[in-house]
């Protein structure tokens, strides 16, 4: 028995020793944690309960000149789940079970709410505007459907987030009805880590009518993410991709706010730390555009363009006194609301599959031979340079033959140049510049531009003609406040030598003189030329944004007309050019008598421009297809609108484009008369009077 007693004591001492060693080890470890790593763990603890929230400021609203909303923000609700705030247990199986229970209960609540919401009666959908089903309107916007992740999808995304940023929320459901979002908010105490997000979404009230002007927004492009991050954007922010949304991104975007908040174990906000910085809304834009006129322009184009023949068209209206845009329509168009909530592959394919390139703004980016509308340039230039006077007579037979420069005495080698009337068996005879404009005589302008050897008439020559074309706005961008403007092309001797490796010949000047050959222009450039003729030579920079206000509607800026240059043509010579345009619409033999209005004097110029396109072959008589043009200003004595209508492959300008322009001008003056009778003043007029 005495032998067993020492053995028991030994075991007791050993147990005490082990206990002491264990507690000593724990003490050493605790000391290490406290003194060596205490600050680190304290920082982690604070980080786990403190969050920085960077709310985005509301984007600015865009209005038309009468205060109609064109672009605004609407609310979209989403349910988010932050992985860092989910139940966490040392036992992985127990932790996963708790999380799955949260996922299942949350999705069940949302599904139940959606079922009850779907059962509620709905208002009858508003009828679509006239023309939406046309061949010229691409895509149809439907409100985005509610999306809800499955339990498995939620679990997969949460695990991914925990490998990276556990504080980045997982969007469990998006585009929720407000009633369903409120129900989740009421039950949120049951779901750790769950929050309701209010996601602003852009809404374009006029849709396809203003898509090419306003543009649309999209996520920050990956290749530009660094640049946007340096400018203070959140990683998931949306930015302007096209149109005014892109040009005025810096003004429209709101400024980020900052709130440092303390959250509980479930991720719910408990307190605000420090002084929060409120998000600042963006600035508002007031356009010179008249939505009512814009819609009238679209309706006139849709009614006047044959979709079986033409796949695109455009119309531009400018105030010649200021350069501000009154209306701009490009067909085909698209509903930019499709992009507001994330375009699908199918929607994008529908838009891009339309003939005529629906995403292209043909008014500023499409370039085409302008044809006879260009004759205003050599007319004004010829008068200013003294090549002709208002009384000069040039003989215009139906056809002339330009001798071969190497074999001038061999008539078989001479190149024929014909007038359009020659194909009808006619000719114009001796005519002045006014009459040449009224009848759109090609022979007159061949001789005016390139000269005529038979009577040693010099003509303008290519260098002078090209110089005046550029003075009137051809061959350069105008600086309009829209992206992707095309400068077009004014060919000359240097260009042909470089581009084609050929020398310039007189026949090239002949072609340029009637707006053919390699000359290319946008409908906007043609309108700027017409405005300059109407206003005695002032070439204004076209503008859409006329005023800027803050979120409280306080006026920040009124944009003034910007004069690019004064065309060096004397007013008396421009007056002769305008008289020729008046005769086009109002005198016997004018090419656009069908553009006249009874109560308003209109001056205009038709254009029928030949072009080559494999899609549109020559006709049975070997003639090239033609674009239809008409450009005009009104009223004749006090111009307040300059307008150009272009129809791709439209045929004769007098038959296709002129009647469309007449309807647009009729709508414009009807709107003006109505507003004058009512004594109403547009929002733009009010802010212009209030401004400096």
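The values are calculated or read from the model by the stated rules, or taken from the named source; none is laboratory data. Keep in mind the model is a prediction, meaning the values are calculated, not measured. Positions of Cβ are generated from backbone atoms using ideal geometry, with glycine treated the same way; all protein chains shown enter the neighbour counts.
Does at least one position in segment 633-640 carry a residue that is under 18 Å from residue 424 (Cβ atoms) and either without any contact (Cβ under 8 Å) to a residue 24 or more places away in the chain or out of contact with any strand residue (DSSP E or B) (no Cβ under 6 Å at 6 or more places or on another chain) (or both)? No, segment 633-640 contains no residue that is under 18 Å from residue 424 (Cβ atoms) and either without any contact (Cβ under 8 Å) to a residue 24 or more places away in the chain or out of contact with any strand residue (DSSP E or B) (no Cβ under 6 Å at 6 or more places or on another chain) (or both). Do you know which of the residues in segment 558-574 that are within 16 Å of residue 603 (Cβ to Cβ) and surrounded by 14 or more Cβ atoms within 10 Å (Cβ to Cβ) is farthest from the chain's Cα centre (by Cα)? So, considering only residues that are within 16 Å of residue 603 (Cβ to Cβ) and surrounded by 14 or more Cβ atoms within 10 Å (Cβ to Cβ), the one farthest from the chain's Cα centre (by Cα) is 573. Within segment 471-504, the set of residues being over 31 Å from the mean Cα position of the chain (by Cα) and either part of a loop (DSSP other than H, G, I, E, B) or within 18 Å of residue 324 (Cα to Cα) (or both) comprises 492, 501, 502, 503, 504. Within this structure, residue 152 fails the test of being under 19 Å from residue 113 (Cα atoms), in the same structural domain as residue 79 (by TED's automatic domain parsing) and modelled with pLDDT of 80 or more. Per the listing 552, 562, the residue uniquely out of contact with any helix residue (DSSP H, G or I) (no Cβ under 6 Å at 6 or more places or on another chain) and without any contact (Cβ under 8 Å) to a residue 24 or more places away in the chain is 552. Can you confirm whether residue 411 is free of Cβ contacts under 8 Å to residues at least 40 places away in the same chain, within 15 Å of residue 442 (Cβ to Cβ) and out of contact with any helix residue (DSSP H, G or I) (no Cβ under 7 Å at 6 or more places or on another chain)? No. Annotation: of all residues in segment 636-650 being part of a loop (DSSP other than H, G, I, E, B) and touching a helix residue (DSSP H, G or I) at 6+ places or on another chain (Cβ under 9 Å), the one that is surrounded by the most Cβ atoms within 10 Å (Cβ to Cβ) is 650.
Among the residues making up segment 76-92, those that are farther than 30 Å from residue 145 by Cβ and either modelled with pLDDT of 85 or more or part of a loop (DSSP other than H, G, I, E, B) (or both) are 87, 88, 89, 90, 91. Considering each residue of segment 303-327, count those that are assigned to a loop (DSSP other than H, G, I, E, B) and within 20 Å of the chain's Cα centre (by Cα), and give that number. Looking only at that region, the number is 3. If you scan segment 576-596, which residues turn out to be out of contact with any helix residue (DSSP H, G or I) (no Cβ under 7 Å at 6 or more places or on another chain) and touching a residue at least 24 places away in the same chain (Cβ under 8 Å)? Answer for segment 576-596, where residues must be out of contact with any helix residue (DSSP H, G or I) (no Cβ under 7 Å at 6 or more places or on another chain) and touching a residue at least 24 places away in the same chain (Cβ under 8 Å): just 582. What about residue 290, is it at pLDDT below 95 and touching a strand residue (DSSP E or B) at 6+ places or on another chain (Cβ under 8 Å)? The answer is no for residue 290. Of all residues in segment 251-263, exactly one satisfies the criterion of being surrounded by fewer than 18 Cβ atoms within 10 Å (Cβ to Cβ) and modelled with pLDDT of 95 or more, namely 251. Residues that are in a loop (DSSP other than H, G, I, E, B) and in contact with a strand residue (DSSP E or B) (Cβ under 8 Å, 6 or more places away or on another chain) were ranked within segment 365-388; the one that is farthest from residue 213 (Cα to Cα) is 388. More than 32 Å from the chain's Cα centre (by Cα), surrounded by fewer than 18 Cβ atoms within 10 Å (Cβ to Cβ) and closer than 24 Å to residue 624 by Cβ, is that true of residue 507? So residue 507 fits the description; yes.
Of the residues making up segment 76-99, those that are in contact with a helix residue (DSSP H, G or I) (Cβ under 7 Å, 6 or more places away or on another chain) and free of Cβ contacts under 8 Å to residues at least 40 places away in the same chain number 2.
Here is a yes/no grid of residues against (1) modelled with pLDDT of 95 or more; (2) touching a strand residue (DSSP E or B) at 6+ places or on another chain (Cβ under 6 Å); (3) assigned by TED's automatic domain parsing to the domain that holds residue 641; (4) over 18 Å from residue 381 (Cβ atoms):
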{"residue": "470", "(1), (2), (3), (4)": "yes, no, yes, no"}
{"residue": "483", "(1), (2), (3), (4)": "yes, no, yes, yes"}
{"residue": "497", "(1), (2), (3), (4)": "yes, no, yes, yes"}
{"residue": "507", "(1), (2), (3), (4)": "yes, yes, yes, yes"}
{"residue": "519", "(1), (2), (3), (4)": "yes, no, yes, no"}
{"residue": "525", "(1), (2), (3), (4)": "yes, no, yes, no"}
{"residue": "529", "(1), (2), (3), (4)": "yes, no, yes, no"}
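Reported count of residues in segment 338-357, each being crowded, with 24+ Cβ neighbours inside 10 Å and in contact with a helix residue (DSSP H, G or I) (Cβ under 8 Å, 6 or more places away or on another chain), is 1.
In this structure, does residue 330 turn out to be touching a residue at least 12 places away in the same chain (Cβ under 8 Å) and assigned to a helix (DSSP H, G or I)? No, not satisfied. On the stretch given as segment 271-302, residues that are outside any strand (DSSP E or B) and within 23 Å of residue 320 (Cβ to Cβ) total 13.
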